[in-house]
1. Could you work out how much longer the chain between Thr51 and Thr30 gets when fully extended? Use 0.36 nm per residue separation minus the Cα distance between them, nm to one decimal.
2. Alpha carbons only, please: Rg and Dmax for the range 58-138, in angstrom.
3. Considering only protein heavy atoms, what per residue accessible area in square angstrom results for the chain with a 1.4 angstrom probe?
4. Under the rule of -39500 (n - 2.57) per DSSP H run of 4 or more residues, summed and divided by the residues of the chain, what mean residue ellipticity at 222 nm is obtained, to the nearest 500 deg cm²/dmol?
5. Note down the magnitude of the dipole of the range 26-82 about its Cα centre, charges +1 on Lys and Arg C-beta and -1 on Asp and Glu C-beta and zero elsewhere, to the nearest 20 debye.
6. Please give the net charge around Ala26, taking every other residue with its beta carbon less than 15 angstrom from that of Ala26, where Lys and Arg add +1 and Asp and Glu add -1.
7. Can you give the Rg to Rh ratio for the chain, taking only C-alpha atoms and Rh from Kirkwood?
8. So, with a 1.4 angstrom probe, what is the percent of accessible area on the chain that is carbon and sulfur?
Amino acid sequence: MRTQPGQPTQPGQPTPPTRIRISWPAGHLTAALDDTPTTRALAGELPLASTARTWGEEVYFDTGTRVPRETDARQVVEPGTVAFWTDGDALALPYGPTPLSRGTECRLASPCNVLGRIDGDPRRLATVRDGDPVRVELLTSP
């Protein structure tokens, strides 16, 4: 029996993370997303294609998904955090300082819903160029 993203495999079992792949012309990465209302809304819209924008050491792009800001939204996050910028209906993928950062922190434009983490080195995002096409898709488990 196949489960939908954000659904427990069996009653009483923890919900497995939703796995996604983000691709652009020079590379790709995968990420694990926690079970949140925003993750479930985004997963329902995948696959999606968009255009990358860069802001300091952050890549962001429109998703077409509209969700409210969650109560635990954060503006300062760790590099490699997968965040959802509700003010722009966009995924925000910081890998270093932004124009608003103080020092080396990753400070997003405004508080964002935190969805999960990029697998491996988030600095791979440095190969994304402003205007690059990006694709986000669900990774399905066997």
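The values are calculated or read from the model by the stated rules, or taken from the named source; none is laboratory data. No experiment lies behind these values; they were computed from the predicted model shown. Here Cβ is always computed from backbone atoms with ideal geometry, including for glycine, and neighbour counts include all displayed protein chains. Surface areas here come from the heavy atoms of the whole protein model, side chains and all, with no ligands, DNA or RNA. Shrake-Rupley method; radii C 1.70, N 1.55, O 1.52, S 1.80 Å.
1. 5.8 nm is the gain from fully extending Thr51 to Thr30.
2. In order Rg, Dmax, the Cα atoms of the range 58-138 give 12.0, 34 Å.
3. Heavy-atom SASA per residue in the chain reads 52 Å².
4. About -1000 deg cm²/dmol.
5. Magnitude of the dipole: close to 200 debye.
6. +2
7. Checking Rg against Rh, the ratio lands at 0.96.
8. The nonpolar share, carbon plus sulfur, comes to 49 percent.
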